[in-house]
Amino acid sequence: MSTLNSELTANPYQADQKRNEVKAFTYDRWMESVGIPIHRGFFIEDLRTVELGWWDERQCDAAFIQLTGQEGITSAIVMEIAPGKSLPPMKFALDELIYVLQGSGVSTVWSADGAPKKTFEWQDRSLFHVASNSNLQLANMRGDKPVRLLRYSYLPLATSLVTEPQFYFNNPYQKAAASTQESDTYSQAKLVENGDPELAWGSSRVYWHGNFFPDMAAWDKLTTNARGGMSVIIMFPSSEMSCHMSVFATRTYKKAHRHGPGRVIVIPAGEGYSVLWEEGKEKIVAPWHEGSMFVPPNKWFHQHFNAGGTPARYLALHPPRQFRGHAEKVEDRAKDMIEYIDEDPWIRAKFEGELAKRGLTTLMPTDAYSVNSYDWHPGKVSI
């Protein structure tokens, strides 16, 4: 029997009857078994300073981020690479997105089919995609400062189907060379202007296609959206993973909306807060700035507020398309989006109060509070 099969046979994470009674997922039990911190709640104010613990198998400090809205669908892990160090090579069976919280370094990606290794450098706020069943090694290029990375995948959902977590790490399976040809290149992203809207979130036919984005705080290739601000949709080669980033002006806020679970939101730039609430229940305020993270729970309304003096950005890492919910299509806005004219008066008062604390005043258009279905960009296609 091979080493891999031995590991799968001796599965300490298999659900027993008692575990099933408390509705713990396989992924939850695996997290507990690793022995590093697990951070829960509704938001993390700064992933760059969150407490980590030593993960011997990965040879680095790390922590699981398991917020309420992830709901057994998406995984978020913060890893820190010490100055001048490299992590051991790791092969992961699923597609993965990696966002650089701080630091600079280099990635080497390769498959076992004899294709050349791909090496590329990254920096603060870079975003890149690693295709499933790729070998990956990450290294910190600096000798004086650690690197922190956020690693995002659909591992919780996968481990509810194949319940042996070790199946997903260093599995000897190798994809055919033809299937890796597109996904293992790290070149400039390409604009798709007439793409299939079923592949992208919302109804947009316009999105960017690539697997390396050097700085999400500087990305300026954006289109307008109906909730207020500018957006970019990103699709990744040979992958069903996707994300979008929204940019909105100083001293303004977006319309409240809701959708399905599992969407991890991180902040590349700006200062403000988001309000999360289940319909008819208490509101939760999640303050944010660069490095913050929050996850709106399933079908909870949420609303984003730029309370700073510069444009703000949030990067939303999408769950599988099966969980995208309903607020991404304009025809659903009547039930899944709250117009400014219909919002709780507390929303506007809270925003103007937060601005006053900073010596600022609102730049919200007065028409937003008097015109039904106020459109920030009339005549534009929304996404």
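The values are calculated or read from the model by the stated rules, or taken from the named source; none is laboratory data. Only a predicted model underlies this, so the values are computations on that prediction, with no experimental measurement involved. So basically every Cβ, Gly included, is an ideal-geometry build from the backbone, and we count neighbours across all protein chains shown.
Descriptive notes on the structure:
- Residue 125 vs. criteria at pLDDT 95 or above and at positive phi: yes
- Qualifying residue in region 162-181 (condition: at pLDDT 90 or above, more than 21 Å from residue 130 (Cβ to Cβ) and not assigned by TED's automatic domain parsing to the domain that holds residue 314): yes
- Listing of strands (runs of 3 or more DSSP E) fully contained in region 53-145 that carry 3 or more residues being among the basic types (Lys, Arg): none
- Top-ranked residue in region 27-49 [being assigned to a loop (DSSP other than H, G, I, E, B) and within 17 Å of the chain's Cα centre (by Cα); ranked as nearest to residue 300 (Cα to Cα)]: 42
- Number of positions in region 119-174 that are among the β-branched types (Val, Ile, Thr) and under 15 Å from residue 211 (Cβ atoms): 2
- Any hit, region 101-111, residues being over 20 Å from residue 47 (Cα atoms), in contact with a helix residue (DSSP H, G or I) (Cβ under 8 Å, 6 or more places away or on another chain) and buried (at least 21 other Cβ atoms within 10 Å of the Cβ): yes
- Positions within region 301-325 being surrounded by 20 or more Cβ atoms within 10 Å (Cβ to Cβ), touching a Leu at 6+ places or on another chain (Cβ under 9 Å) and touching a residue at least 60 places away in the same chain (Cβ under 8 Å), in sequence order: 315, 317, 319
For (1) farther than 23 Å from residue 108 by Cα; (2) modelled with pLDDT under 90, each residue gets a yes or a no:
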{"residue": "203", "(1), (2)": "yes, yes"}
{"residue": "212", "(1), (2)": "no, no"}
{"residue": "221", "(1), (2)": "yes, yes"}
{"residue": "232", "(1), (2)": "yes, yes"}
{"residue": "236", "(1), (2)": "no, no"}
{"residue": "241", "(1), (2)": "no, no"}
{"residue": "247", "(1), (2)": "yes, no"}
